[in-house]
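Worksheet: the structure to be examined is printed underneath.
Read-outs throughout are calculated quantities, based only on the coordinates presented, and are distinct from any laboratory measurement. Worth saying up front: this structure is predicted, and the values here are computed from it rather than measured. Here Cβ is always computed from backbone atoms with ideal geometry, including for glycine, and neighbour counts include all displayed protein chains.
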Amino acid sequence: MKAVKHFQQRHGLFPDGAIGKDTFNQLVMPLGRRVSQLQFMLERWRWLRSDLRTPFIMVNIPEFQLHAYSDRQKPISMRVVVGKALDHQTPVFEDQMRYIIFRPFWNVPDSIVKAELVPEIRKNKAYLDKHQYEIVDHHGEVVPPEKINAKLLKRLEDKQLEIRQKPGPGNSLGLAKFVFPNHYDVYMHGTPERGLFGRARRDYSHGCIRVENPAALAKWVLHSTSWSDEQILAAMNGTETQQVNLPHPIRVMILYGTASVEENGEVRFFDDVYGHDAALQAALANGYPYPDAPVAAEASNPNVRPVGTPN
């Protein structure tokens, strides 16, 4: 049973020690498929900058895992939840983390407001208070609950008003938000939905990245500042929203690889949850357009090269 659990861990499965359908499928996977997964990962590494230096934070989407590396402190790893494979895929890209917000508001995306929240409010105005939501105008002024009517809900649908969720333990972003400004509006954040981290496959969000241990990540990010562990926890459990700008930006890479090699030489494999391996295989089958240059895979599929809302 111990050997089965180890095999399951190496293949991104829940380590229950039982040879169920998923475990059996991994056991009989052709060796050629494993070789291809390693080749695809090596190809993607060729796309990364050659001058990569620490510190940096890396999220591997198919692994559902975050890894942070620095020359000045121990590396950390933690589970993450990423975007739904069907309709909210987390994009592959690189940017710079510039600040953390403790006890953040969640500004609900317009698409979620229109499709999910407005119908609930129409059925029951108490829905807002129950979930700690408030309606605000574009200047941040709160609309009193007694003014909510059909006309106001129409303004919400027309994006003339917004909905935000108040800070606190029940906030969809948890108690910390890690911001690396990008045009996808993707960021990392905590979450009150802890149960999802116990699952082997963790693609449940609207595109942003939920981190299992936001306090540990905040401590790692703020290691070189005057912020102590006690101050970080106090900020997360206090009453005020605080933005902490980083003295030096930290590189964040959202990557996609269905194979990895640990420092001890152990090889791990993961499911192609977004189908990027299949798209890359099709692109590589056409050959490289230039000698010694990465294939221009994005020309045929924007999801293959670096091309998410929270939750």
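Taking 25 Å as the straight-line reach from the Cα of Lys74, the lysines in range (excluding those fewer than 8 positions away in the same chain) are Lys177, Lys219.
Counting 0.36 nm for each residue step from Met1 to Gln132 and taking away their Cα separation leaves a gain of 42.6 nm. Taking the average, over residues, of other Cβ atoms within 10 Å as the packing measure, peptides 79-88, 240-249 rank 79-88, 240-249 from highest down.
Neighbours of Pro249 by Cβ distance under 10 Å: Lys/Arg scored +1, Asp/Glu scored -1, total +1. Compared with the alpha-carbon gap, the fully stretched path from Gln281 to Arg122 is longer by 52.5 nm at 0.36 nm per residue. Straight-distance candidates among the lysines for linking to Lys147, with alpha-carbon spacing under 26 Å and chain neighbours fewer than 8 residues away dropped: Lys114, Lys123, Lys125, Lys130, Lys159, Lys166.
Of the listed values [x] 33, 52, 15, 0; [y] 34, 54, 12, 0; [z] 29, 53, 18, 0, grab the one calculated as P(r) over Cα pairs in 20 Å bins from 0, in percent from the structure here. Among [x] 33, 52, 15, 0; [y] 34, 54, 12, 0; [z] 29, 53, 18, 0, the one calculated here is [z]. By definition, a body whose alpha carbon gyration tensor gives a ≥ b ≥ c is rounded when a/c is under 1.5, and the range 106-165 falls into this rounded group. Quote the FRET efficiency, to the nearest 0.05, computed for Glu193 versus Ser226 with a Förster distance R0 of 25 Å and r equal to the Cβ-Cβ distance. Efficiency computed from Cβ-Cβ geometry: 0.15.
Calculate, for Lys74 and Ala150, the FRET efficiency according to 1/(1 + (r/R0)^6) with r their C-beta to C-beta distance and R0 45 Å; round to the nearest 0.05. After rounding, the FRET efficiency stands at 0.20. The sum of -39500 (n - 2.57) across all DSSP H runs of n ≥ 4, divided by the residue count of the chain, sets its helix-only mean residue ellipticity at 222 nm to -6500 deg cm²/dmol. The Leu86 and Lys114 beta-carbon pair, evaluated with R₀ = 22 Å, returns a calculated FRET efficiency of approximately 0.70.
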